[in-house]
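The block underneath contains the structure these notes are about, expressed in structure tokens.
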Amino acid sequence: MTIFVANANGKVGQDLIAALKAGGHDVRIGARDVARARVAFPGIPVVAFDYDDVAAGAAALDGITAVFTAAPSWLVPDAELALLDVAKARGVRRIVKLSYLGAELHEDGGHRVSEKAIEASGLEWTVLRPTFFSQNFSTMHRDAIRDGAFYEAAGDGASAFIDTRDIAAVAAKALTEAGHHGQAYALTGSEALTRHEAAARLSAALGRTVRYVPIDDAALRQALVGVPQSQVELLSGLFAAVRAGHTAATTDTVRMLLGRDPISFDRYAADHVAVWRDAA
């Protein structure tokens with residue numbers, strides 16, 4: 001079995017590759033910049049693949065058994081519909097899609113359109129619907145936290161942040177084991193935190209004060225000038241859901257599938273202290 005990871009740039013893709021290699025599985029990475037990916041993932045086969053032109057990279061799926069897809073939101077659903085067509089034509093048997101918690105509530109949304117096509121494809125399929133990543137604090141908010149404060153349009157709403165290592169572990173199981181076909185897994189951590197509470201946890205880990213500064217939707221949109229409009233609307237909607245209290249619920253899916261508790265936010269913070277202390 002050879003597994004194709006169509007997007008290794010994101011945190012879930014990076015952690016998935018590590019999980020698959022740790023499990024002794026054959027992995028092939030698709031990348032727009034092949035040379036850069038080979039440096040980032042030494043010893044793992046890398047082939048040319050671009051969500052902007054899936055058909056041009058169709059040969060990347062030759063000999064592939066299972067595919068993990070996490071297309072950029074502004075290219076969903078078109079890129080994943082194209083990938084699905086190529087996967088079926090090349091004999092792929094299984095596909096695992098990274099979506100987001102609540103995608104099923106938006107029937108006309110890009111991710112839900114992609115999900116429905118995958119569900120109807122005839123392939124074995126699994127959809128992963130995680131809530132907000134803990135790793136957002138060490139990627140998109142890294143520099144802000146180094147400066148002492150991060151900004152989000154979350155108000156006082158809480159989210160059950162999930163560590164991307166847990167998402168990757170679930171994805172690895174869905175790609176390599178039987179019993180996950182036809183499942184849409186809602187993935188959360190085990191506790192819901194407001195951003196103020198998350199800031200306090202980060203402060204404790206770092207030994208200095210980190211503040212959360214709420215912003216409104218207008219400020220969010222201004223900060224996203226230049227970002228594809230579909231991505232702006234997705235983020236605006238997600239933070240509206242946080243403010244409305246829709247992301248505070250937890251699920252036991254990670255525990256059920258992995259046989260252990262989700263990685264806690266405190267452990268996440270302790271594991272990433274160097275990210276916020278080191279120079280860029």
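The values are calculated or read from the model by the stated rules, or taken from the named source; none is laboratory data. Bear in mind that the values here come from a model prediction, so they are computed numbers and not experimental data. Ideal geometry is used to build each Cβ from the backbone, glycine not excepted, and the neighbour counts take in all protein chains shown. Keep in mind that these areas ignore ligands, DNA and RNA; they rest on the heavy atoms of the full protein, side chains included. Shrake-Rupley method; radii C 1.70, N 1.55, O 1.52, S 1.80 Å.
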* Under a point-charge model restricted to the Cβ atoms of Lys and Arg (+1) and Asp and Glu (-1), what is the dipole moment magnitude of region 18-147 relative to its Cα centre, in debye to the nearest 20? -> 520
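Calculate the FRET efficiency for ARG260 and GLN222 from the Cβ-Cβ distance with a Förster distance of 35 Å, rounded to the nearest 0.05. Walk me through the numbers before you get to the answer.
On the way: r = 42 Å, r/R0 = 1.19.
Efficiency at R0 = 35 Å is approximately 0.25.
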* Spatially proximal lysines relative to LYS11 (Cα-Cα < 19 Å; intrachain offsets below 8 disregarded) -> LYS21, LYS97, LYS173
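For the chain, what is the relative contact order in percent, using Cα pairs closer than 8 Å and at least 6 residues apart in sequence? Could the numbers behind the result be given before it?
Working: 508 pairs, mean separation 50.3, N = 280.
It rounds to 18 percent for the chain.
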* Structure fact -> Extend 7 Å from the Cα of ARG208 along its Cα-to-C-beta direction; within region 249-280, residues with backbone N under 14 Å of that point are 273-280
* Asked: By the gyration tensor of its Cα atoms, with a ≥ b ≥ c the square roots of the eigenvalues, what is the shape of region 178-280: rounded for a/c under 1.5, prolate for a/b over b/c, or oblate?
  -> oblate
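Take the eigenvalues of the Cα gyration tensor for the chain, scale each by 5, and report the square roots as semi-axes in whole Å, largest first. Walk me through the numbers on the way to the answer.
Details: eigenvalues 188, 84, 73 Å².
Sorted largest first and rounded, they come to 31, 21, 19 Å.
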* Taking the chain as a Gaussian network, where each spring joins two C-alpha atoms under 10 Å apart, which residue of GLY259, GLY237, GLY182 fluctuates the most? -> GLY259
* Which of the aspartates and glutamates could be linked to LYS116 by a straight reach, that is with a Cα gap under 14 Å, when you skip same-chain ones fewer than 8 residues away? -> ASP78, GLU80, ASP85, GLU104, GLU107, ASP108, GLU124
* Asked: Taking the chain as a Gaussian network, Cα atoms linked when under 10 Å apart, which of ALA200, ALA87, ALA153 shows the biggest mean-square fluctuation?
  -> ALA200
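Any chance you could run the full-extension gain for ASP78 through ASP33? It's 0.36 nm times the residue separation minus the Cα-Cα distance, nm to one decimal. Let's see the in-between values first.
Values: separation 45, 0.36 × 45 = 16.20 nm, distance 2.10 nm.
Contour length minus Cα-Cα distance gives 14.1 nm.
Please give the length that would be gained between ARG90 and SER230 if that part of the chain were fully extended, namely 0.36 nm times their separation in residues minus their C-alpha to C-alpha distance (nm, one decimal).
Values: separation 140, 0.36 × 140 = 50.40 nm, distance 3.02 nm.
Stretched out fully, the ARG90 to SER230 stretch lengthens by 47.4 nm.
Could you check how much of the accessible area of the chain is carbon and sulfur, as a whole percent, using a 1.4 Å probe? All intermediate terms of the calculation are to be shown ahead of the outcome.
Numbers: 6300 of 12300 Å².
Roughly 51 percent, rounded to a whole number.
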* Keeping all protein chains in place, calculate the accessible area per residue for region 120-279 (probe 1.4 angstrom), answer in Å². => 44
* For the chain, modelled as a Gaussian network with Cα springs under 10 Å, which listed residue fluctuates most, TYR51, TYR185, TYR151? -> TYR151
* **Among ALA79, VAL27, PHE133 - extreme Cα towards positive end, dipole of the chain, charges at beta-carbon** => VAL27
* Calculated [θ] (222 nm, deg cm²/dmol) that DSSP helices of n ≥ 4 give over the chain, each run adding -39,500 (n - 2.57) -> -11500 deg cm²/dmol
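So which GluC sites (Glu not before Pro) in region 112-191 are both in a DSSP loop and have at most 16 other Cβ atoms within 10 Å of their Cβ?
Details: sites: GLU115, GLU119, GLU124, GLU152, GLU177, GLU191; in loops: GLU177, GLU191.
Answer in residue order: GLU177, GLU191.
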* Would you mind working out the magnitude of the charge dipole of the chain relative to its Cα centre, with +1 at each Lys and Arg C-beta and -1 at each Asp and Glu C-beta, to the nearest 20 Debye? => 680
